[in-house]
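Below: the structure, in structure tokens.
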Amino acid sequence: MGRKSTKENKNIYQISRENANLTREAAAEQLEFISSDRIEKIENEKSYPHPEEIIAMADCYKNPSLCNYYCSHECSIGREYVPEVAAKDLSMVTLEMLSTLNTLSKEKDLMIDIAADGEVTEDEMSDFLRIRNSLEDMSLAIESLKLWFENAIVSGRIDKSLLNKLTKK
């Protein structure tokens with residue numbers, strides 16, 4: 001077994017590996033196509049990870065949020081278009097989603113009025129932006145729910161075999 005790192009300012013990849021109780025060597029063995037030297041370079045930020053490496057690490061380390069982190073922080077396209085999703089408990093995600101649904105339900109008729117002529121006029125712009133922001137909130141709540149679900153699967157709170165059985169119907 002390798003030594004425990006004492007490095008301060010560890011990046012998310014090293015923290016995730018250590019939380020999975022894996023040394024770089026053990027992680028490389030499980031990851032198969034990523035060497036311990038490559039893992040070290042990624043963790044010491046001497047090399048950028050590739051998307052397929054992030055997917056493999058997220059699976060190996062049982063940390064689905066690594067994918068969102070990579071996309072929202074390191075991918076040049078994702079930094080522009082992918083919001084960071086924080087892991088939250090199910091009750092918080094549900095309340096946020098229901099709150100946003102209530103807001104959007106109230107704004108539905110206004111959106112129909114704005115969209116009816118196929119353009120957004122100057123006097124409609126502030127309402128349109130408010131609705132767009134609510135839609136972005138809903139999108140983030142959905143992504144939070146997906147992340148909660150993925151975390152529940154990898155932690156064993158949701159039975160993966162039952163899930164597979166139910167989704168094959």
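The values are calculated or read from the model by the stated rules, or taken from the named source; none is laboratory data. Computed from a prediction, not measured in an experiment: that's the story for all the values here. Using ideal geometry, Cβ is built from the backbone for each residue, glycine included, and neighbour counts are taken over all protein chains shown. Ligands, DNA and RNA are stripped out before the accessible areas are found, and what is left, the full protein with its side chains, is counted by its heavy atoms. Shrake-Rupley method; radii C 1.70, N 1.55, O 1.52, S 1.80 Å.
Answer yes or no: is there a residue in the stretch 135-155 that is of a type outside the set (Asp, Glu), outside any helix (DSSP H, G or I) and either surrounded by fewer than 15 Cβ atoms within 10 Å (Cβ to Cβ) or within 24 Å of the chain's Cα centre (by Cα) (or both).
Taking the stretch 135-155 as the starting set, the residues that turn out to be of a type outside the set (Asp, Glu) are 135, 138-142, 144-149, 151-155.
In the following step, the residues that additionally are outside any helix (DSSP H, G or I) were identified as none.
For the stretch 135-155, residues of a type outside the set (Asp, Glu), outside any helix (DSSP H, G or I) and either surrounded by fewer than 15 Cβ atoms within 10 Å (Cβ to Cβ) or within 24 Å of the chain's Cα centre (by Cα) (or both): absent.
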* Which members of the stretch 136-153 meet the condition of being out of contact with any helix residue (DSSP H, G or I) (no Cβ under 6 Å at 6 or more places or on another chain), within 16 Å of residue 100 (Cβ to Cβ) and not charged (D, E, K, R)? -> 139, 140, 142
* Under the condition of being in contact with a Leu (Cβ under 8 Å, 6 or more places away or on another chain) and within 27 Å of residue 152 (Cβ to Cβ), which residue from the stretch 97-134 is surrounded by the most Cβ atoms within 10 Å (Cβ to Cβ)? -> 134
* Structure fact -> Log entry, pairs with first residue in the stretch 16-31 being in a helix (DSSP H, G or I), second being basic (Lys, Arg) and open to solvent by 20 Å² or more (accessible area, probe 1.4 Å), beta carbons closer than 8 Å, six or more apart or on different chains, reads 17/24; 18/4; 18/10; 28/38
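Checking the condition under 14 Å from the mean Cα position of the chain (by Cα) and either open to solvent by 90 Å² or more (accessible area, probe 1.4 Å) or not aliphatic (A, V, I, L, M) (or both), which residue from 47, 76, 65 passes?
Values: 47 fails: under 14 Å from the mean Cα position of the chain (by Cα); 76 fails: under 14 Å from the mean Cα position of the chain (by Cα).
Just a single option satisfies the conditions, and that option is 65.
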